[in-house]
1. Would you mind finding the one in A:Ala177, A:Ala225, A:Ala221, A:Ala214 that is under 21 Å from A:Leu41 (Cα atoms), crowded, with 24+ Cβ neighbours inside 10 Å and of a type outside the set (Val, Ile, Thr)?
2. Determine, yes or no, whether A:Ala269 is surrounded by fewer than 17 Cβ atoms within 10 Å (Cβ to Cβ), of a type in the set (A, V, I, L, M, F, W, C) and at pLDDT 90 or above.
3. So A:Ala255 clears everything in (1) crowded, with 16+ Cβ neighbours inside 10 Å; (2) more than 9 Å from chain B (Cβ to nearest Cβ); (3) in a helix (DSSP H, G or I) except one condition, right? Which one?
4. Could you please find all residues in the stretch B:56-72 being without any contact (Cβ under 8 Å) to a residue 12 or more places away in the chain and more than 7 Å from every other protein chain (Cβ to nearest Cβ)?
5. Looking at (1) closer than 25 Å to A:Ala90 by Cβ; (2) facing chain A (nearest Cβ under 8 Å), which is the only condition B:Leu95 fails?
6. Can you confirm whether the stretch B:72-93 contains a residue that is among the acidic types (Asp, Glu), more than 20 Å from A:Met136 (Cβ to Cβ), outside any loop (DSSP other than H, G, I, E, B) and at pLDDT 85 or above?
7. Quickly run through the stretch B:15-40 and pick out the residues that are in a loop (DSSP other than H, G, I, E, B), facing chain A (nearest Cβ under 7 Å) and closer than 21 Å to A:Val62 by Cα.
8. In the stretch A:12-30, what count of residues is obtained for those that are surrounded by fewer than 13 Cβ atoms within 10 Å (Cβ to Cβ) and either at pLDDT 85 or above or in contact with a Phe, Trp or Tyr (Cβ under 7 Å, 6 or more places away or on another chain) (or both)?
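The values are calculated or read from the model by the stated rules, or taken from the named source; none is laboratory data. Remember, it's a predicted structure, so these values are computed and weren't measured experimentally. Quick reminder, even Gly has a Cβ in these numbers, built from the backbone with ideal geometry, and neighbours come from all protein chains shown.
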Amino acid sequence: MSILVVLLSLAAGAYALAVIERWAVHGHLSLTGPAWAALALLGRESLLARKSDRLFFELGPVLLLVAGLMAVAVIPLAPGLIITDLATGALFLNAALAYVLVALIMAGWGPNGAYAMIAGWRFLGQFIAYAMLIVMPITAVAMRAESLSTVEIVTSQEQLWNVLYQPMGFILFVVAAMGLAWLPPLDLPDATGELAGGVEAEYTGVRLAVLRLARMVIILALAGATVTFYLGGWLGPWLPPWAWSAIKILAVAAAMLSIGRYMPRIREARYLALSWKLGISLALANIFVVGVIALVVPI
Amino acid sequence: MSELSQYAILFGLSIGVFGLVLSLYGLARAIGRARAEPGKDVPATAGTLSRDPVWVRYHARYAGYALLFLAFDMEMAFMYPWAVVYREEGLIALLDMGVFLAILFLGLLYGWSQGALRRQ
């Protein structure tokens with residue numbers, strides 16, 4: 001039962017996010033826009049590039065959708081409203097999102113086009129930049145909660161949300177999450193205007209619809225992870241828990257989507273240097289600071 | 001819910017995604033099929049098919065980062081179980097991991113000084 005509710009709210013969330021994206025990126029607020037766009041994509045031709053690697057080309061978007069759904073499966077929306085409350089939830093989230101890299105490289109390699117290929121390999125460089133900054137802040141969160149279960153992590157924040165307990169980890173995690181979801185300004189793999197769409201360049205019609213849907217699910221999963229790990233999940237006064245989850249997740253996703261409007265794209269070399277020189281040092285300092293606080297203060 | 005049934009649910013969901021995608025493809029096929037025309041299926045570059053395989057054009061220039069990444073990624077495998085028992089173990093755990101992370105961080109600084117943190 002709860003599985004069905006989570007899946008339905010995921011579908012509703014993906015639609016709401018598509019509306020928000022259009023509004024945040026292009027400045028048009030249209031409630032029916034994404035539905036018409038999806039129908040148009042279904043009606044368009046879905047071409048298969050000549051000399052393509054058919055298996056990789058077809059599997060790329062599907063694997064991306066599977067990875068996003070697996071990540072969503074461990075995110076709690078309310079007490080009891082979660083697909084699977086794994087004891088290793090936070091680790092499972094990482095494992096699922098690691099497949100985003102595989103899927104994007106497959107999608108880049110598949111069509112045998114120069115732009116897509118460059119975009120896929122670029123994402124590998126981007127992965128090396130963001131990967132450690134996803135896992136290290138989560139370690140600090142698990143240290144406080146004494147568990148990797150996402151439900152336990154939310155309940156550990158009853159006294160004080162992690163965003164105040166470990167603000168440095170929050171910032172690092174959000175920036176890394178934007179890299180993972182290749183949102184602007186870290187949108188190297190699709191780099192609109194530079195690589196003609198990058199990994200999306202050769203996808204048309206229904207395959208592009210699946211790719212876009214997968215992207216929405218991944219953004220939702222990462223917003224959900226941010227809310228679960230740092231913003232107290234379903235916790236909040238007055239409103240019911242599910243409403244708090246929905247409000248927080250959509251707000252975080254909207255913030256992630258709109259930052260790109262105000263920043264230029266960051267080059268791969270610069271992103272790598274920033275995250276290894278500054279990011280890793282800050283993440284290690286964050287683990288140490290949280291370690292000291294966790295031993296001194298009992299909350 | 002037992003562990004096994006949880007993983008069975010996750011497996012079922014993955015299979016379900018394939019079902020969803022296949023039904024979307026079926027729907028699109030029902031609306032209409034692609035018309036085969038010459039030049040339509042060429043990847044977006046210059047309008048003609050590239051003479052050479054395209055994968056020779058891109059060089060990964062972040063090998064130094066990649067090597068450091070391997071070391072740090074291994075370290076994370078140790079840190080998750082450590083994080084879960086951290087508060088039980090107390091100060092000992094902080095010192096143990098502190099020494100380990102200090103060595104690793106020195107490795108990062110050494111790599112930095114040798115020019116590993118640079119796009120070659």
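1. A:Ala214 is the lone residue from the list that is under 21 Å from A:Leu41 (Cα atoms), crowded, with 24+ Cβ neighbours inside 10 Å and of a type outside the set (Val, Ile, Thr).
2. no
3. That leaves (1) as the condition not met.
4. B:Val56, B:His59, B:Leu70
5. (2)
6. So far as the stretch B:72-93 goes, yes, one or more of its residues are among the acidic types (Asp, Glu), more than 20 Å from A:Met136 (Cβ to Cβ), outside any loop (DSSP other than H, G, I, E, B) and at pLDDT 85 or above.
7. B:Ala34, the sole residue that qualifies.
8. Summing the residues that are surrounded by fewer than 13 Cβ atoms within 10 Å (Cβ to Cβ) and either at pLDDT 85 or above or in contact with a Phe, Trp or Tyr (Cβ under 7 Å, 6 or more places away or on another chain) (or both) in the stretch A:12-30 gives 2.
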